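Q: Structure in structure tokens, see below.
The values are calculated or read from the model by the stated rules, or taken from the named source; none is laboratory data. Remember, predicted model here, so these are calculated numbers, not experimental data. Note that we place each Cβ from the backbone using ideal geometry, even for glycine, and neighbour counts take in every protein chain shown.
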Amino acid sequence: MKIRVKTGLVSLLIALLASAGLARAESERSYSGNAGAQAFIERMVAEHDFDRTELRALFAGAHYKQSIIDAMTRPAEKVKLWKDYRKIFVTEKRLRQGLQFWREQRPWLEKMQAEFGVPIEYVVAIIGVETYYGRITGNYRVVDALSTLAFDYPARSPFFTKELEHFLLLAKEQKLDPAILKGSYAGAMGYGQFMPSSYRAYAVDYNNDGVADIWADPADAIGSVANYFVRHGWQRDEGVVVRARINADYNAELVNKLMKPKLSLVQLAEQGFSPVPEMSPEVKAIPLRLQGQAGVEFWLGLQNYYTITRYNHSFRYAMAVTQLAEQIAEEMAKGD
């Protein structure tokens with residue numbers, strides 16, 4: 001009887017260890033034999049003249065990361081209410097570090113504001129929300145992140161396969177080693193967390209040193225974020241978001257639609273939304289309804305608000321950036 005119990009325990013232990021080993025092997029498997037990766041390699045060789053042997057070696061060293069898949073299924077901007085989401089990004093620490101970043105980078109920020117027309121506080125807030133002003137830029141190797149999402153995340157495989165293509169082209173153009181570059185679990189990089197396609201389209205060499213370095217050069221990061229804003233429709237000297245007053249019969253179907261503002265304030269008034277304070281009736285806006293700490297809040301997001309959502313397609317994200325920017329500007333004004 002005792003022997004049977006021990007044997008059962010040993011068998012169970014062996015089974016558990018084997019299961020753990022299989023799970024570990026699955027979570028650490030390489031892409032050397034992955035059919036999707038091999039097809040991708042052949043396309044990069046045919047379309048962009050990459051070296052087949054070098055790419056095979058790169059993907060043999062790229063590994064699947066289950067933690068990336070887990071993170072993709074529960075992003076904070078989709079699962080949290082505004083009152084909880086706000087607590088993550090609009091904090092005293094982020095405000096304090098934003099003021100420090102502004103003071104340290106004042107010449108570049110003032111140059112950017114004059115040239116691009118984007119208020120300093122919004123570029124500072126974006127960099128603050130994304131990476132704590134360059135302090136937290138991501139610990140995943142970008143090749144691991146994008147390979148995992150391109151070849152093992154069917155829901156968005158086409159998008160991340162394209163980003164992987166841009167990443168390899170970027171590394172080739174900038175003469176960088178793709179095996180060592182790090183970023184977020186989604187493959188975003190640098191101070192402003194640019195995806196590879198955004199880097200290639202919008203990153204600028206703002207200090208004219210010959211390279212657009214968004215990983216380690218705050219000047220280039222500042223110019224690149226501003227360029228992204230302008231290229232996505234930022235309007236110089238215009239507002240971002242205003243409070244809204246609603247009628248009892250307001251059209252709830254219009255709220256929180258992330259689309260380019262199409263309805264004028266006159267039209268929105270007919271649907272039960274009015275700005276506080278009053279604005280030009282021709283201005284176009286998006287009605288917003290957020291669950292705040294003290295209850296439901298109603299806002300009208302203007303064109304510049306929509307531009308912020310092009311950086312991250314979340315109305316909560318855009319509101320967090322806006323409110324952090326307003327706090328930074330207010331505190332900076334007191335200090336100056």
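Q: Only residues that are closer than 30 Å to Thr91 by Cα, under 14 Å from the mean Cα position of the chain (by Cα) and free of Cβ contacts under 8 Å to residues at least 40 places away in the same chain: list them for the range 119-167, please.
A: Across the range 119-167, the qualifying residues are Tyr132, Ile136.
Q: Under the condition of being in contact with a Phe, Trp or Tyr (Cβ under 8 Å, 6 or more places away or on another chain) and more than 26 Å from Lys257 (Cα to Cα), which residue from the range 313-334 is surrounded by the fewest Cβ atoms within 10 Å (Cβ to Cβ)?
A: Taking the candidates together, the pick is Met332.
Q: In the range 241-248, is there at least one residue being touching a strand residue (DSSP E or B) at 6+ places or on another chain (Cβ under 7 Å), buried (at least 22 other Cβ atoms within 10 Å of the Cβ) and not β-branched (Val, Ile, Thr)? Talk me through it step by step, then tell me what you get.
A: To start, the set of residues in the range 241-248 that are touching a strand residue (DSSP E or B) at 6+ places or on another chain (Cβ under 7 Å) comprises 241-246.
Retained after the next criterion (residues that are buried (at least 22 other Cβ atoms within 10 Å of the Cβ)): 241, 244.
Filter once more, so that each one left must be not β-branched (Val, Ile, Thr): 244.
Scanning the range 241-248, I find at least one residue that is touching a strand residue (DSSP E or B) at 6+ places or on another chain (Cβ under 7 Å), buried (at least 22 other Cβ atoms within 10 Å of the Cβ) and not β-branched (Val, Ile, Thr), so the answer is yes.
Q: Also: From Ala203, Ala179, Ala171, grab the single residue that is among the aliphatic types (A, V, I, L, M) and outside the structural domain of Phe50 (by TED's automatic domain parsing).
A: Just a single option satisfies the conditions, and that option is Ala203.
Q: Let me ask something else about it. Say whether the condition of being among the β-branched types (Val, Ile, Thr), under 30 Å from Gly192 (Cα atoms) and touching a residue at least 24 places away in the same chain (Cβ under 8 Å) is met by at least one residue in the range 286-296.
A: As a first pass, look at the range 286-296 and keep what is among the β-branched types (Val, Ile, Thr): 286, 296.
So of that shortlist, the ones also under 30 Å from Gly192 (Cα atoms) come out as 286.
Next, only the ones that are touching a residue at least 24 places away in the same chain (Cβ under 8 Å) stay: 286.
Yes - at least one qualifying residue is present in the range 286-296.
Q: Can you tell me which residues in the range 168-184 are without any contact (Cβ under 8 Å) to a residue 40 or more places away in the chain and either on the phi < 0 side of the Ramachandran plot or of a type in the set (A, V, I, L, M, F, W, C) (or both)? Explain how you work it out, then say what you get.
A: The initial filter retains those residues of the range 168-184 that are without any contact (Cβ under 8 Å) to a residue 40 or more places away in the chain, namely 170-171, 173-177, 180.
Answer for the range 168-184, where residues must be without any contact (Cβ under 8 Å) to a residue 40 or more places away in the chain and either on the phi < 0 side of the Ramachandran plot or of a type in the set (A, V, I, L, M, F, W, C) (or both): Leu170, Ala171, Glu173, Gln174, Leu176, Asp177, Ile180.
Q: Out of the range 48-102, which residues are in a helix (DSSP H, G or I), among the basic types (Lys, Arg) and under 21 Å from the mean Cα position of the chain (by Cα)? First the steps, then the outcome.
A: Taking the range 48-102 first, the residues in a helix (DSSP H, G or I) are 48, 52-60, 66-72, 76-79, 82-89, 92-102.
In the following step, the residues that additionally are among the basic types (Lys, Arg) were identified as 52, 56, 78, 83, 86-87, 93-94, 96.
If the condition is that a residue be in a helix (DSSP H, G or I), among the basic types (Lys, Arg) and under 21 Å from the mean Cα position of the chain (by Cα), then Lys78, Lys83, Arg86, Lys87, Lys93, Arg94 are the ones that fit.
Q: If Ser27 satisfies all but one of (1) surrounded by 12 or more Cβ atoms within 10 Å (Cβ to Cβ); (2) at pLDDT below 90; (3) within 30 Å of Phe315 (Cα to Cα), what's the number of the condition it fails?
A: Unmet for Ser27, out of (1) surrounded by 12 or more Cβ atoms within 10 Å (Cβ to Cβ); (2) at pLDDT below 90; (3) within 30 Å of Phe315 (Cα to Cα): (3).
Q: Let me ask you something else. Out of the range 224-245, which residues are within 23 Å of Gly134 (Cα to Cα) and of a type in the set (Phe, Trp, Tyr)?
A: Result: Tyr228, Phe229.
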